[in-house]
Amino acid sequence: MLIAQQTLIGSTQHMLRRACLALLALTVLAGCGDDDPAPTTPSPSAQPSVSAEASPSAAVSPAASPSPSPAINFTVDGAGPYLIGANLEALKAGGLLDKVATGAETCPVNTTATGTGVWKDIQLQFRPDGELYIAVNRSKTIPTPSGARLGMTLAAVSSIYGNLGKELSGGAAYLVTTANGRGILFDLDQNKKVFAMIAGDGAYLKSSYEGGTDFC
């Protein structure tokens, strides 16, 4: 009888042990089951926005700045394209001369002409070899670079040029000579106002005026 009770107790304990083990297994399985969270669906990576390629703006080349026009003035070297030493035929070929004539009563062997356009009141004299040696300004709108112009008094002109100028004998002309030997002779009327400017070699202008040779 005692043995049977012991066997029954052992059997019961064995069954309880198995039940506990089974329960423990279920608990472990519940904690370690395939409970991994569903993988997060990756959000599509932001595609780098590709901006439309900017069409290159048409290159605007700066307009070529026009060459400055030659100064409209009268110098010891002449005016515009009519520089002392210029050639008669070259000026004619360039269409830069008007009223070309040879054989005038004064200086008959020389050729005279006038300029064109803005220079139409510039009178020119050429030697027989075609060299321009005298330019005469009779325009009230073409001053010297220093501001002397036709109609000015001798006092006004001499105040501009100071020691560069000298009144020639007779008191009817004022000669300005520069370092290169060229000069401008200011021809004066009876009121001692400028009525013409003559450009050329300074010494020649002086000797011709005082000798009365009409610059031939």
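The values are calculated or read from the model by the stated rules, or taken from the named source; none is laboratory data. Just so it is clear, the model here is predicted, and its values are computed rather than measured. Here Cβ is always computed from backbone atoms with ideal geometry, including for glycine, and neighbour counts include all displayed protein chains. Just the protein is used for accessible areas: all its heavy atoms, side chains included, with ligands, DNA and RNA removed. Shrake-Rupley method; radii C 1.70, N 1.55, O 1.52, S 1.80 Å.
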Within the range 81-116, count every residue that is on the phi > 0 side of the Ramachandran plot, part of a loop (DSSP other than H, G, I, E, B) and open to solvent by 30 Å² or more (accessible area, probe 1.4 Å). 3
Across the range 207-216, the tally of residues that are in contact with a strand residue (DSSP E or B) (Cβ under 9 Å, 6 or more places away or on another chain) and open to solvent by 70 Å² or more (accessible area, probe 1.4 Å) stands at 1
In the range 153-179, which residue that is β-branched (Val, Ile, Thr) and open to solvent by 20 Å² or more (accessible area, probe 1.4 Å) is farthest from residue 193 (Cα to Cα)? 178
For the range 136-162, pairs from a residue that is closer than 17 Å to residue 191 by Cα to a residue that is of a type outside the set (Lys, Arg) and part of a helix (DSSP H, G or I), with Cβ under 6 Å and 6 or more apart or across chains, are 148/157; 148/160
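Does residue 116 satisfy the criteria of being touching a Lys or Arg at 6+ places or on another chain (Cβ under 9 Å), modelled with pLDDT of 95 or more and among the hydroxyl-bearing types (Ser, Thr, Tyr)?
no
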Hits in the range 185-216 - residues which are within 21 Å of residue 161 (Cα to Cα) and of a type in the set (Phe, Trp, Tyr): 186, 195, 204, 209
Exactly one of (1) free of Cβ contacts under 8 Å to residues at least 60 places away in the same chain; (2) polar (S, T, N, Q); (3) outside any loop (DSSP other than H, G, I, E, B) is unmet by residue 191. Its number? (3)
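For the range 117-126, which residues satisfy the criterion of being part of a strand (DSSP E or B) and either over 20 Å from residue 198 (Cβ atoms) or open to solvent by 50 Å² or more (accessible area, probe 1.4 Å) (or both)?
Step one: list which residues in the range 117-126 are part of a strand (DSSP E or B), which gives 122-126.
The answer is 123, and nothing else.
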Among the residues of the range 136-152, is there at least one that is exposed (fewer than 15 other Cβ atoms within 10 Å of the Cβ), out of contact with any Phe, Trp or Tyr (no Cβ under 7 Å at 6 or more places or on another chain) and not in a loop (DSSP other than H, G, I, E, B)? no
